[in-house]
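Undergrad: Sending over a structure as structure tokens; questions will come in a sec.
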Amino acid sequence: MSLQATVRRLVDELNPQQRAAVLHEGGPVLVLAGAGTGKTRVITVRIAHLVAGGIAPDNVLALTFTNKAAGEMAERVGHFVGVEAARAMTIGTFHSLGLRMLEHDAKKLGYRRGISLLDAADQAGAVRQCLKRLRIDPRRHDPQLFLMAISNARNAGVTPEQMAASPSRRLTAKVYQAYLDWLAAYHAMDFDDLILQAIRLLEEHPEVRDRWRARFRTILVDEYQDTNGAQLKLVSLLAQEHRQLCVVGDDDQSIYGWRGADFRNILHFEEHFPDATAIALTQNYRSTGHILDAANAIIHHNVERREKSLWTDVGDGERVRIVTCKDPQGEASFVAAEIRRRREVEHRPFHDFGVLFRTSAQTRAIEEAFRLASIPYRLVGAYEFFERKEVKDVLSYLRLLVNPHDEVSLLRIINFPQRGVGPKTLAALHDHAQQIRGSLWNAVERADDVPGMNEKQLAGLADLVRVLREARQRYAEHQNLGDLADWLCEVTGAREAWIRDPTEGPGGERRWKNVEQLIRSMRGWQDRTPGGELRDYLRLVALDAKATAEEEARDEVALMTLHAAKGLEWPVCFVIGCQEGLIPHQRTLEDSRGDVSEERRLFYVGLTRARRTAFLTLAKVRLRFHGAEPTRPSRFLREIPVIHREDIDRVKTAGELDKSETIRRFEELKARLAAKRK
């Protein structure tokens, strides 16, 4: 079947609003896509329609917010237009686009060849160093709070000087300036720089701007409600001439204001692009009628929004169940018992269930109940795999193969395993680098010329130079990432250091198993990405290091925050802790503005994750250090009409599992004891 025939078939399968969004021509278009209304299908079919209409694949730019979402989009587009055409397109995140631009032209902004990109942990470490230099105690001032304030200010275009004009923010302004100075000193960039410096590149260098505009003749942006001011500016700079821009999003699902997202970008789209057309998608293909009507009733209490109501033709389904329990333990026991009951009665796998919460402190009771009930679960975002020390060590070695001038990576491994390179030696190397007007790596290569170096240090640094050169040669010959990483771990002595070196602390075997998992992920990625190079893998990890596909494939109940659940769905979904102080959160309630609209949007997102059954649970009391404290139901529960809800009181039986569940657990315990005796 030809591409044109395929696109005609795809367009015919769409509903009228989706079809209008796909076929729109002649200027910017805003697609208001409510939860579960098929926005991914619209954006992918629109890309196929554009290519079928004559747009060259390499002129297509599609932006979203995670590499996972970008990968899924590219895969779906590939099914429509062919794998080769999809590969020619630029489908990725804002940050990956910025990185691509800067890899070409960062030298125009004064950066050395190659980019030292800080991850979240590196950024926190940099802020700690700044705090120490400013003689600010990092134990009393959380570096993460400074980082969030600095990031929000940078993306809003606020300078340290402007921030310092506010007396209450002068301390943050001092840290802000010190952090910028640190980035400049190390020729490093953080994630914000990938967009901010790309904007600077386009604004200051017209020839670069013209080149990228000529490259991207049509632009599509997914999850537009999550963009900040800098991302809006980047898109505007690229689309200013041709104005072939399609943005897809939902202001009712804007839940990242705390990290700089500005939902007004979507509300005021027609002001930014006066020739724009707006199309609303309201037919929901995910949830049943009672769930949607309850969600509509809740979100309609927000004033600053685009008016729309989701509907479905799949029927009313089950009413939303609001379950009141005695305390968090009783709430957790109810969730565990209900999952067990539905698994047995409805024959559902564990991955059909999602449990969502507002804060990570809520997971303790749920995890205990799940362990008692032998329910496998996956806690998403508790401790990201790529944040582990040993994983970052391996990746730092690999980054130096691509860019030996990456000072952040070099500083991480220059003394791991130990080579006798302490703070004084590092200071001497830095001084020598400045004298020769080179990088820290240049100084390491010429360590013989650095005053005060002893034989052990010289031998260790010479060995490091030799190993990295040999590693580059091995990779050039064999192009096998997994074998390369395995060889590096062995030849550098890193494997031995993780397992046996007492200075590395306990758990060395576990650390090595994590490295083995990393190596497996490299091999799997290379199998799935023919022609993929080391640079591509490192870019993927740097920009979106989330849970591995291996973890996501397991049959487990998903436990995650409401924020992390956006874009996901489950047949049966629990939102726990539906009480004042949790949702809406206490920080919001204490805010002088008293605006709970984003918290309401977050609650709306949680409820619309459910496909068939939604449980909203709360505890009548919570346990504090001074004893039990009564709670109040979330105000959002009162906004659900009686016709769409079923109230269940579990207070009298809180803490107790169903009789059948108690018997099952007792029999299971007996079986375990019998097995141990054998």
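Undergrad: Can you tell me the order of 466-479, 32-45 when each peptide is scored by its average per-residue count of other Cβ atoms within 10 angstrom, highest first?
TA: Details: 466-479: 14.2, 32-45: 23.6.
Going by the mean number of other Cβ atoms within 10 Å, highest first, we get 32-45, 466-479.
Undergrad: Output ³J(HN,Hα) for region 102-110: one whole-Hz value per residue in order, computed from phi by the Karplus curve 6.51 cos²θ - 1.76 cosθ + 1.60 with θ = phi - 60°, and x for Gly and Pro.
TA: 6, 4, 6, 10, 4, 4, 5, 9, x
Undergrad: Amide H neighbours of ILE322 under 5 Å, counting only residues 5+ apart in sequence or on other chains, H built in-plane at 1.01 Å?
TA: Correct list: LEU616, GLU646, ASP647, ILE648.
Undergrad: Going by the alpha-carbon gyration tensor, a ≥ b ≥ c the square roots of its eigenvalues, is region 5-80 rounded (a/c under 1.5) or, if a/c is not under 1.5, prolate (a/b greater than b/c) versus oblate?
TA: In terms of gyration-tensor shape, rounded.
Undergrad: Sticking with this one: Taking H as built 1.01 Å from N, whose amide H comes closer than 5 Å to the amide H of ALA188, not counting residues under 5 places away?
TA: Counting only residues 5 or more places away or on other chains, the set is empty.
Undergrad: Still on this structure, please answer the following. Tally Lys and Arg at +1 and Asp and Glu at -1 over the other residues with C-beta under 15 Å from the C-beta of ALA230: what net charge comes out?
TA: My count for the surroundings of ALA230 gives -1.
Undergrad: Sticking with this one: Could you tell me the accessible area of GLU490 in Å² (1.4 Å probe, neighbours in place), rounded to the nearest ten?
TA: About 110 Å², rounded to the nearest 10.
Undergrad: Let me ask something additional. Amide H to amide H under 5 Å from LEU220: which residues, 5+ apart in sequence or cross-chain, H placed 1.01 Å off N in plane?
TA: LEU61, ALA62, LEU63, CYS246
Undergrad: Let me ask something else about it. Count charges around ARG609 for me, please; just the other residues with Cβ under 9 Å from its Cβ, Lys/Arg as +1, Asp/Glu as -1.
TA: +2
Undergrad: Show me, for region 71-87, the HN-Hα J-couplings you get by feeding each phi into the Karplus relation (A = 6.51, B = -1.76, C = 1.60, θ = phi - 60°), rounded to Hz, glycine and proline as x.
TA: So the J values, rounded to whole Hz, are x, 5, 5, 4, 5, 5, 5, x, 5, 7, 10, x, 5, 5, 5, 5, 5.
Undergrad: Determine the shape class of region 161-260: with a ≥ b ≥ c the square roots of the Cα gyration tensor eigenvalues, call it rounded for a/c under 1.5, and otherwise prolate if a/b is greater than b/c, oblate otherwise.
TA: Taking the square roots of the gyration eigenvalues as a ≥ b ≥ c, region 161-260 is oblate.
Undergrad: What label, among [x] 43, 34, 26; [y] 55, 33, 21; [z] 49, 31, 24, belongs to semi-axes √(5λ) of the Cα gyration tensor in Å computed from the structure on display?
TA: [x]
Undergrad: If you take all C-alpha pairs in region 63-108, what percent of them are over 17 Å apart?
TA: Counting pairs separated by more than 17 Å, the tail of P(r) holds 40 percent.
Undergrad: A further question follows. If we restrict to alpha carbons, what Rg and Dmax does region 216-256 come to, in Å?
TA: Rg, Dmax (Cα atoms, Å): 10.7, 31.
Undergrad: Right, another one. Go ahead and estimate [θ] at 222 nm for the chain from helices alone: -39,500 (n - 2.57) per DSSP H run with n ≥ 4, summed, over the residue count, rounded to 500.
TA: One gets -15500 deg cm²/dmol as the mean residue ellipticity at 222 nm.
Undergrad: Would you kindly derive the ³J(HN,Hα) couplings of region 395-400 from the backbone phi angles with the Karplus curve 6.51 cos²θ - 1.76 cosθ + 1.60 (θ = phi - 60°), listing them in order in whole Hz, with x for Gly and Pro?
TA: 5, 5, 4, 5, 5, 5
Undergrad: While we're looking at this one, here's another question. Take the solvent-accessible surface of the protein heavy atoms, probe 1.4 Å, and return the percent of it on the chain that carbon and sulfur atoms account for.
TA: Roughly 49 percent of what the probe reaches on the chain is carbon or sulfur.
Undergrad: Moving on. Report, in debye and to the nearest 20, how large the dipole of the chain comes out about its Cα centre when Lys and Arg carry +1 and Asp and Glu carry -1 on their Cβ.
TA: Result for the chain is approximately 1280 debye, rounded to the nearest 20.
Undergrad: A follow-up question, please. Does region 418-517 come out rounded, prolate or oblate, given a ≥ b ≥ c as the square roots of the eigenvalues of its C-alpha gyration tensor, rounded meaning a/c under 1.5 and, failing that, prolate meaning a/b above b/c? Please list the in-between numbers first.
TA: Values: a/c = 2.71, a/b = 1.44, b/c = 1.89.
Oblate, since a/c reaches 1.5 and b/c is not below a/b.
The values are calculated or read from the model by the stated rules, or taken from the named source; none is laboratory data. These numbers were taken from a predicted model, which means no experiment stands behind them. When we count neighbours, we look across all protein chains shown, and the Cβ atoms used for this are built from the backbone with ideal geometry, even at glycine. Just the protein is used for accessible areas: all its heavy atoms, side chains included, with ligands, DNA and RNA removed. Shrake-Rupley method; radii C 1.70, N 1.55, O 1.52, S 1.80 Å.
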